Amino acid sequence: EVTDQFSVVPKNFLRKKDAYGNLLTYDNHWHFKATTQKKQEKMRFLAIIQVSDDLKYKEISRMGAGDVFEIEGWKINAQMDTNKSAKISIERKDGQLKFSSHTEPLNQLSKLIENVNGKTVVKTAKDQYPKSIINAAKR
C-alpha cells in the first residue's frame, strides 16, 4: 500500500529543532506500508522503488525462482529467507558500483565499492543503531 498519511501521527519525542529554534513537525509524506495476509513469526519485505517524472517505469525481472532481481543495468540480490542471515547486495552491471550489507567480520559491516575517476573507493559502515535511538531508549 502506498499512502501519504501516517497510520500513527509521529511525535518529535527528541524535541529536535530546526535552524531557527522551532520544534520540528513531521508532515505527511509518501511512504510504503507492507502487511501480510496471515500473522507471521518472521517476515522480510523488499521494495524496489522507481521515481519518474513522466510516470514511465522500467521492467523489473526476477531471475529464476531465487532472490535476484534485475532492472536497467542493476542487479539486486536480497536474502528473503528468514531462516538465513539478512543480506542485500546491489551492483551495477558495468562494475562501477557495488553495495553489500552484512559483510564480514561477523556480518556487522556494510560496504560500498565505487569506481570514481578510475580509482576504486571503498567505504564501510558498521551496522548499529543511531545514537539518537540509543539515547531515547535510555530514558
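The values are calculated or read from the model by the stated rules, or taken from the named source; none is laboratory data. Fair warning: this is a prediction, and the values are worked out from it, not measured in the lab. Virtual Cβ from ideal backbone geometry, glycine too; neighbours counted across all protein chains shown.
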Scan segment 115-136 and tell me whether some residue there is more than 24 Å from His31 (Cβ to Cβ), surrounded by 13 or more Cβ atoms within 10 Å (Cβ to Cβ) and either at pLDDT 90 or above or under 20 Å from the mean Cα position of the chain (by Cα) (or both).
yes
Residue ID - farthest from Ile48 (Cα to Cα), chosen from residues in segment 1-21 that are outside any loop (DSSP other than H, G, I, E, B) and within 23 Å of the chain's Cα centre (by Cα):
Thr3
Residues in segment 37-60 that are within 20 Å of Asp81 (Cβ to Cβ), loosely packed, with under 10 Cβ neighbours inside 10 Å and under 19 Å from the mean Cα position of the chain (by Cα): how many?
2
